[in-house]
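Chemist: Here it is, the structure, as structure tokens.
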Amino acid sequence: MENENLKTVLEEKRTFEPQSNFQQNAKLQSIAEYKEKYKKSIENPEEFWAEAASELHFFKKWDRVLNADNPPFFRWFENAKTNICYNCIDRHLGSATRNKAAIIWEGEPGDEQVLTYADLARKVNKMANGLKSLGVKKGDRIAIYLPMIPELAISVLACARIGAVHSVIFAGFSAESIRDRVNDCQAKITITSDGAWRRGKHLLLKNIVDQAIKNCPSIEKNIVIKRCKTEQFDCTMEPEKDIWYHDLVEKCSIHCPAEEMDSEDMLFLLYTSGTTGKPKGIIHTTAGYMLYSYYTSKYVFDLKPEDVYWCTADIGWITGHSYIVYGPLANGATCLMYEGTPNTPHKGRFWELVEKYSVNIFYTAPTAIRTFMKWGDEWPNKYDLSSLRLLGTVGEPINPEAWMWYHKVIGAERCPIVDTWWQTETGGMMITPIPGCTTTKPGSATLPFFGIDACVLDKNGEEQNAGLLAIRKPWPGMLRGIYGDEERFKQTYWSKWKNIYFPGDGARKDEDGYFWILGRVDDVVNVSGHRIGTAELESIFVSHTKVAESAVIGIDHKIKGQAMVAFVSLREGNDGNDDLIEELKKLVVEKIGKFAIPERIIFTADLPKTRSGKIMRRLLRDIAEGRTVGNVTTLADASVIEALKEKYQDD
Ligand code: WTA
């Protein structure tokens, strides 16, 4: 945490009150209103959440709002029956929302599709029946590996409708990553597409899945969506296993009753990196997650019926689950969904889409904002962005400079910015401005959301101004476990203090009670908003026959927020040359995906270690960030540092 960002946020004193036009039309219009509602949510959480939940549809009401008898296994809305797909779709079919756009989709090549809530209902029901016809039952796991096409949202909702547990795997992951995730949860079906459009080219997604599921005995069928309809594009179907989506749903009925799910029935799994080599299957269940994604969307985005809302995340990550699919649809919102990247065919693509669809709410990541900054103001300035009324960011700390650029160049100083701190594990936003209420400070996620008892503690559990972020009370959207690993769940999140959730982030709390998130304090690096465990990479490198040892660290990066640097020591008699660097990079692509390639790979004769053999990453970070190297008295061999420093500068 001894980084540049910390220095800048410590010096940041600017404040921005909610813009009055925005405020006058907002759901909540003053900090007093926020405070009153917050107080109620903390003093009487069960009453608060019960009242919120009454805005949604339950087939059967709960007996008890929160069962906290056996922490950390919290249960919300005990014995109630509901269905999140029903709440996202059917609930709207009796009102004017029925004929309103649910999803406005644009593909990378510019093809378009608009699905009203009624259209979405038909497609989701057909898909749900299609899954049933393949023998899918409540509780079965379905792995989804798709580009950002409407069928991704449809597949997710179809699973939820029949109570199948979806596990979406971001379409940048490699075959080996898919294999591990599928095998961990013993998925029965995979859903993929023939290909995807990426920067004008086809990505052969099905081939990747084919390769993965060769080693997945639990997979019975692979559903394939036809996305790339070109002559020269060939996709081999294996009759025993593969089935075209259009053939599957063709004869299916548009009616499929929504399964009455218990509140605590599993809704989905989403794998995320941790501090060991093995990704964790984060478990979310039905009612609590549904309520939390609904309620945070409602208040943080201040959704209006006429809004066009655009979250640029991929549904392969939690942001897409909660804020493209479930949260906005539960609110009856209109979501723009885009398949492509921000710079294809040109660097103004996102702003072109904002103008074309008159987007009102825009939610993106700091790394994207910093990239836009680098590309220059001329791109956004070419387009009419006056429809925008609210901006948001998520995924990593935003530096005040990027915040100010977003505020001025994209928001024309007219739009509040919601910097939302949360995680895969939290299900929804936890620390965030409420746009009509909260005075914002560039770089601060500001104040906790309703019901969130956030604080900053030291390792003894004492409150401090700077230290470890902690959440003292359970909340409806919280994770319920790690798939198949109860011990790891307790260890990772609940062992720092008694019955207090530990998110793994460092934070500072200022004199106004504002939170400034300082980044991960564990061995997880946040590269462009993607969490990557350093241990995952280290174990990949040491799997190479020429490698003896490896230490991977995160360093500050101007665009990506953080980047990874890998220090690698080789077995006797091997030469650290460019070919080996390429081999190691290739290995990362095979095992995880392109996005996990480290910024630099540095060969070294030794790694700095304590006398007990522990690698001193702190010193490696000092070297990599060009600082004076800290205390070396505990080092077994201090000369390693000098050698490394020289090596680092030479490379
Ligand atoms: C980081 C993404 C600072 C944080 C929703 C967290 C943030 C991790 C912010 C979760 C923010 C997310 N300010 N840091 N506004 N939002 N983070 O699971 O380190 O992909 O622990 O969830 O991203 O990443 P995840």
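The values are calculated or read from the model by the stated rules, or taken from the named source; none is laboratory data. Keep in mind that this is a model prediction, so the values were computed, not measured. Don't worry about glycine lacking a Cβ; one is built from the backbone with ideal geometry, like all the others, and counts go over all protein chains shown.
Chemist: Looking at the range 432-444 only, could you name the residues that are away from the ligand (no atom under 15 Å from the Cβ) and under 20 Å from Leu303 (Cβ atoms)?
Modeler: Gly436, Cys437
Chemist: Are any residues in the range 182-237 within 22 Å of Leu269 (Cβ to Cβ) and hydroxyl-bearing (Ser, Thr, Tyr), and if so, which ones?
Modeler: Correct list: Thr190, Thr192, Ser193, Ser218.
Chemist: Give me a count of the residues in the range 602-651 that are assigned to a loop (DSSP other than H, G, I, E, B), among the small types (Gly, Ala, Ser) and either over 19 Å from Val521 (Cα atoms) or touching a residue at least 60 places away in the same chain (Cβ under 8 Å) (or both).
Modeler: 6
Chemist: If you don't mind, there's one more thing I want to ask. Tell me, which helices (runs of 4 or more DSSP H) wholly within the range 341-431 include 2 or more residues that are more than 13 Å from the ligand (Cβ to nearest atom) and under 20 Å from Asp307 (Cα atoms)?
Modeler: 349-357
Chemist: Residue by residue through the range 124-161, note down the ones that are under 19 Å from His255 (Cα atoms), buried (at least 24 other Cβ atoms within 10 Å of the Cβ) and of a type in the set (A, V, I, L, M, F, W, C).
Modeler: If the condition is that a residue be under 19 Å from His255 (Cα atoms), buried (at least 24 other Cβ atoms within 10 Å of the Cβ) and of a type in the set (A, V, I, L, M, F, W, C), then Val124, Met127, Ala128, Leu131, Ala153, Ile154, Val156, Leu157, Ala158, Cys159, Ala160 are the ones that fit.
Chemist: Further question: Is it fair to say Thr296 is within 20 Å of the chain's Cα centre (by Cα) and surrounded by 22 or more Cβ atoms within 10 Å (Cβ to Cβ)?
Modeler: When the stated conditions are applied, Thr296 passes them.
Chemist: Same structure, new question: For the range 456-471, state whether one or more residues are in contact with a helix residue (DSSP H, G or I) (Cβ under 9 Å, 6 or more places away or on another chain), under 28 Å from Leu267 (Cα atoms), within 15 Å of the ligand (Cβ to nearest atom) and not small (Gly, Ala, Ser).
Modeler: Yes, the conditions are met somewhere in the range 456-471.
Chemist: I'd like to know if the range 558-578 contains one or more residues that are within 25 Å of the chain's Cα centre (by Cα) and β-branched (Val, Ile, Thr).
Modeler: Yes, there is a match, as at least one residue in the range 558-578 is within 25 Å of the chain's Cα centre (by Cα) and β-branched (Val, Ile, Thr).
Chemist: Among the residues of the range 483-503, count how many are in a loop (DSSP other than H, G, I, E, B) and free of Cβ contacts under 8 Å to residues at least 60 places away in the same chain.
Modeler: Matching residues across the range 483-503 total 6.
Chemist: If you don't mind, there's one more thing I want to ask. Inspect the range 272-280 for any residue being buried (at least 21 other Cβ atoms within 10 Å of the Cβ), in a helix (DSSP H, G or I), touching a residue at least 24 places away in the same chain (Cβ under 8 Å) and not acidic (Asp, Glu) and give the result as yes or no.
Modeler: No, the range 272-280 contains no residue that is buried (at least 21 other Cβ atoms within 10 Å of the Cβ), in a helix (DSSP H, G or I), touching a residue at least 24 places away in the same chain (Cβ under 8 Å) and not acidic (Asp, Glu).
Chemist: With assigned by TED's automatic domain parsing to the domain that holds Ile482, more than 23 Å from the chain's Cα centre (by Cα) and assigned to a loop (DSSP other than H, G, I, E, B) as the only criterion, which of Asp119, Asp69 stands out?
Modeler: Of Asp119, Asp69, the one residue that is assigned by TED's automatic domain parsing to the domain that holds Ile482, more than 23 Å from the chain's Cα centre (by Cα) and assigned to a loop (DSSP other than H, G, I, E, B) is Asp69.
Chemist: Within the range 445-455, how many residues are within 16 Å of the ligand (Cβ to nearest atom) and on the phi > 0 side of the Ramachandran plot?
Modeler: Total satisfying the criteria: 1.
Chemist: So, in the range 512-556, exactly how many residues are more than 27 Å from Ile434 (Cβ to Cβ), part of a strand (DSSP E or B) and not hydroxyl-bearing (Ser, Thr, Tyr)?
Modeler: Final tally of qualifying residues: 15.
Chemist: For the range 76-108, what are the residues that are more than 29 Å from Glu264 (Cα to Cα) and either at pLDDT below 95 or touching a helix residue (DSSP H, G or I) at 6+ places or on another chain (Cβ under 7 Å) (or both)?
Modeler: The answer is Asn99, Lys100, Ile104, Trp105, Glu106.
Chemist: Can I ask one more? Looking at Ile559, Ile553, Ile540, which one is surrounded by fewer than 22 Cβ atoms within 10 Å (Cβ to Cβ) and of a type in the set (A, V, I, L, M, F, W, C)?
Modeler: Answer to the check: Ile559.
Chemist: Follow-up question, since we're still on this one. Quick one: which of Asp384, Asp302, Asp307 is on the phi > 0 side of the Ramachandran plot and of a type in the set (D, E, K, R)?
Modeler: Of the residues listed, the single one that is on the phi > 0 side of the Ramachandran plot and of a type in the set (D, E, K, R) is Asp302.
Chemist: Could you figure out which of (1) surrounded by fewer than 23 Cβ atoms within 10 Å (Cβ to Cβ); (2) part of a helix (DSSP H, G or I); (3) without any contact (Cβ under 8 Å) to a residue 60 or more places away in the chain isn't true of Pro239?
Modeler: Pro239 satisfies every listed condition except (2).
Chemist: So, one more: Being closer than 23 Å to Gly427 by Cβ, aliphatic (A, V, I, L, M) and either in the same structural domain as Pro71 (by TED's automatic domain parsing) or more than 12 Å from the ligand (Cβ to nearest atom) (or both) narrows it down to one residue among Ile559, Ile540, Ile482, Ile532; which is it?
Modeler: Ile482
Chemist: Of all the residues that make up the range 310-333, how many are in a loop (DSSP other than H, G, I, E, B) and touching a Gly at 6+ places or on another chain (Cβ under 9 Å)?
Modeler: The qualifying residues number 5.
Chemist: Would you tally the residues in the range 79-123 being surrounded by fewer than 17 Cβ atoms within 10 Å (Cβ to Cβ), of a type in the set (Val, Ile, Thr) and under 13 Å from Ala330 (Cα atoms)?
Modeler: Going through the range 79-123 one residue at a time, the tally reaches 0.
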